[in-house]
1. Looking at the stretch 121-128, can you tell me whether even one residue there is assigned to a loop (DSSP other than H, G, I, E, B), more than 30 Å from residue 2 (Cβ to Cβ) and touching a strand residue (DSSP E or B) at 6+ places or on another chain (Cβ under 9 Å)?
2. For the stretch 1-36, which residues satisfy the criterion of being surrounded by fewer than 20 Cβ atoms within 10 Å (Cβ to Cβ) and touching a helix residue (DSSP H, G or I) at 6+ places or on another chain (Cβ under 6 Å)?
3. Enumerate the helices (runs of 4 or more DSSP H) found wholly within the stretch 1-106, keeping only those where 1 or more residues are within 24 Å of residue 195 (Cα to Cα), touching a residue at least 40 places away in the same chain (Cβ under 8 Å) and out of contact with any strand residue (DSSP E or B) (no Cβ under 9 Å at 6 or more places or on another chain).
4. Quick one: is residue 177 touching a residue at least 12 places away in the same chain (Cβ under 8 Å) and closer than 20 Å to residue 188 by Cα?
5. So, in the stretch 78-93, how many residues would count as being out of contact with any helix residue (DSSP H, G or I) (no Cβ under 9 Å at 6 or more places or on another chain) and crowded, with 16+ Cβ neighbours inside 10 Å?
6. Among the residues of the stretch 204-224, which ones are crowded, with 18+ Cβ neighbours inside 10 Å and under 19 Å from residue 142 (Cβ atoms)?
7. So which residues in the stretch 37-57 are crowded, with 18+ Cβ neighbours inside 10 Å and more than 16 Å from residue 201 (Cα to Cα), if there are any at all?
8. If I filter the stretch 182-203 down to residues being closer than 12 Å to residue 216 by Cβ and in contact with a strand residue (DSSP E or B) (Cβ under 6 Å, 6 or more places away or on another chain), which single residue comes out as surrounded by the most Cβ atoms within 10 Å (Cβ to Cβ)?
């Protein structure tokens with residue numbers, strides 16, 4: 001019988017925000033897969049090992065997932081990653097695949113999950129705290145109240161879409177396009193805050209568009225709320 005592939009969210013960065021279930025599964029599973037060329041150098045590993053020190057002694061499987069928009073390169077690496085996972089699953093061993101935040105939100109794991117399932121293997125997801133919920137908590141504000149709408153936008157892919165719909169916005173993956181994102185946000189009149197590297201030692205909190213640096217890092221999350229919704 002083949003093993004099961006589990007996509008396990010490790011939260012946004014603070015190891016104390018990992019779930020009890022995530023920690024237990026890491027402790028109980030022999031093989032831990034991590035998205036990156038060198039497992040121990042990945043952000044997901046560095047978060048998880050603080051909450052589950054046993055991870056340091058586990059069998060680690062590095063799954064290279066390049067940050068590129070080249071469809072051919074993505075396709076090739078997704079195939080290689082799925083094959084590496086399936087070789088372990090064929091041994092009847094389960095795999096815990098660590099992913100930042102929650103595995104259902106713009107996760108690299110979803111590409112591998114789809115391929116592995118198509119090849120006849122079982123998968124399961126273990127939810128983790130999302131980056132936008134953690135960022136809202138860090139800035140001490142609700143994301144939405146009463147009947148408000150929340151829009152979650154992958155800014156690097158949807159930069160051309162003007163955020164003119166009613167409601168509050170979360171902009172994820174804004175780092176490489178930060179200057180353009182800031183220009184758009186200035187025109188909306190929304191109240192803007194941003195958390196860079198939420199929950200990590202290098203965390204920075206910004207309370208306005210003007211405070212946000214143009215060269216902010218990859219793990220930068222922006223919350224833009226209708227002005228009348230602010231306290």
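1. Among the residues of the stretch 121-128, not one is assigned to a loop (DSSP other than H, G, I, E, B), more than 30 Å from residue 2 (Cβ to Cβ) and touching a strand residue (DSSP E or B) at 6+ places or on another chain (Cβ under 9 Å), which makes the answer no.
2. Those that are surrounded by fewer than 20 Cβ atoms within 10 Å (Cβ to Cβ) and touching a helix residue (DSSP H, G or I) at 6+ places or on another chain (Cβ under 6 Å): 2, 15, 23, 27, 31.
3. In the stretch 1-106, 43-51 are the helices (runs of 4 or more DSSP H) which contain 1 or more residues that are within 24 Å of residue 195 (Cα to Cα), touching a residue at least 40 places away in the same chain (Cβ under 8 Å) and out of contact with any strand residue (DSSP E or B) (no Cβ under 9 Å at 6 or more places or on another chain).
4. Details: touching a residue at least 12 places away in the same chain (Cβ under 8 Å): yes; closer than 20 Å to residue 188 by Cα: yes.
It is true that residue 177 is touching a residue at least 12 places away in the same chain (Cβ under 8 Å) and closer than 20 Å to residue 188 by Cα.
5. Residues flagged as out of contact with any helix residue (DSSP H, G or I) (no Cβ under 9 Å at 6 or more places or on another chain) and crowded, with 16+ Cβ neighbours inside 10 Å within the stretch 78-93 amount to 2.
6. Our first condition is that a residue be crowded, with 18+ Cβ neighbours inside 10 Å; within the stretch 204-224, this holds for 206, 209, 212, 216, 219-224.
Answer for the stretch 204-224, where residues must be crowded, with 18+ Cβ neighbours inside 10 Å and under 19 Å from residue 142 (Cβ atoms): 206, 221, 222, 223, 224.
7. Residues of the stretch 37-57 that are crowded, with 18+ Cβ neighbours inside 10 Å, as a first pass: 39, 42-45, 47-49, 51-52, 55.
39, 52, 55, listed by residue number.
8. 194
The values are calculated or read from the model by the stated rules, or taken from the named source; none is laboratory data. No experiment lies behind these values; they were computed from the predicted model shown. Heads up, the Cβs are rebuilt from the backbone with ideal geometry, glycines too, and the neighbour counts pull from every protein chain shown.
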